[in-house]
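To keep things clear, I will list the structure first and then write my remarks on it.
The values are calculated or read from the model by the stated rules, or taken from the named source; none is laboratory data. Since the model is a prediction, treat every value here as computed from it, not as a measurement. Here the Cβ is made from the backbone with ideal geometry for all residues, glycine too, and neighbour counts use every protein chain on show. These area figures cover heavy atoms from the full protein model, side chains too; ligands, DNA and RNA do not enter into them. Shrake-Rupley method; radii C 1.70, N 1.55, O 1.52, S 1.80 Å.
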Amino acid sequence: MTILLRPWRVDDADDLSRAARSAPDLAPQFGGTDLSDPDAARDFIARFLRFDDSAKNWAVEVHGEAVGNIGATGIEFRHQTAWMSYWLAASARGKGIAVAALARVSEWAFASGLHRLELGHRVNNPASCRVARAAGFPAEGVERQKLRYGDTRFDVETHARLATDPSPSTHGTAVALRTDVQVRRQV
């Protein structure tokens, strides 16, 4: 299987909508936006899945369908840091896709001049923790009650990877990465 990481396009709205509906645990990723509406999904892509100087969001494309996101946001070259994030549709989980994609984007970040990449996950999300560790991000500690979804606050385990850390093994998973923003012709 080849994974393509590329900037999101507004015509990925149907894929984003399908992914958002695939697993209830993805709802916090979308901030309460109802992505079942195609216009809302297009707006979400344009507003939140940006690809610019301070935020790079790659659609994770498998077999021609966008099934997730790998993000590097808060990109800051003075201190050479960025905040990493990831999510996948239910159908793409458990196949090593998130690990391979996160590792590939991390390589891009280090080659682009960043030194420290950080990420965090709710402590009640062991799958996200496994992805972080397998992609070379050791845990650094717990930030108490950092996130709030609805009326509930969650502790967050923080992980980081440095440019000087060893590269993780992704078991030969091929990941192509594009950084050019192209607009697909509407048919």
Pulled fully out, how much extra length does the chain show between residue 162 and residue 34, if you take 0.36 nm times their separation in residues and subtract their Cα-Cα distance?
-> 42.5 nm
Overall form of segment 23-116 per C-alpha gyration tensor (a/c, 1.5; a/b vs b/c) | oblate
Length added when fully stretched, residue 125-residue 90, from 0.36 nm per residue minus Cα-Cα | 11.2 nm
Leaving ligands, DNA and RNA out of it, report the carbon-plus-sulfur percent of the accessible area of the chain at a 1.4 Å probe.
-> 49
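Heavy atoms only, 1.4 Å probe, whole protein assembly: order 86, 149 by accessible area, highest first.
On the way: 86 30, 149 80 Å².
From most exposed to least exposed: 149, 86.
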Points 7 angstrom from Cα along the Cβ direction at residue 155 and residue 46: gap in nanometres?
-> 4.2
Ranked packing of 97-110, 24-37, most packed first, by mean Cβ within 10 Å = 97-110, 24-37
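Using a 1.4 angstrom probe on the protein heavy atoms only, line up 61, 140, 118 by accessible area, largest first.
Descending order: 140, 118, 61.
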Heavy-atom accessible area per residue, segment 53-149, 1.4 Å probe: how many Å²?
-> 47
Between 42, 50, 78, which gets the highest mean-square fluctuation from a Gaussian network model of the chain, Cα cutoff 10 Å?
-> 78
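Take 79, 115 and sort them by solvent-accessible surface of the protein heavy atoms, 1.4 Å probe, largest at the top.
Values: 79 110, 115 70 Å².
The ranking, largest first, comes out as 79, 115.
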Extension gain from residue 83 to residue 139, taking 0.36 nm per residue of separation minus the Cα-Cα distance = 18.7 nm
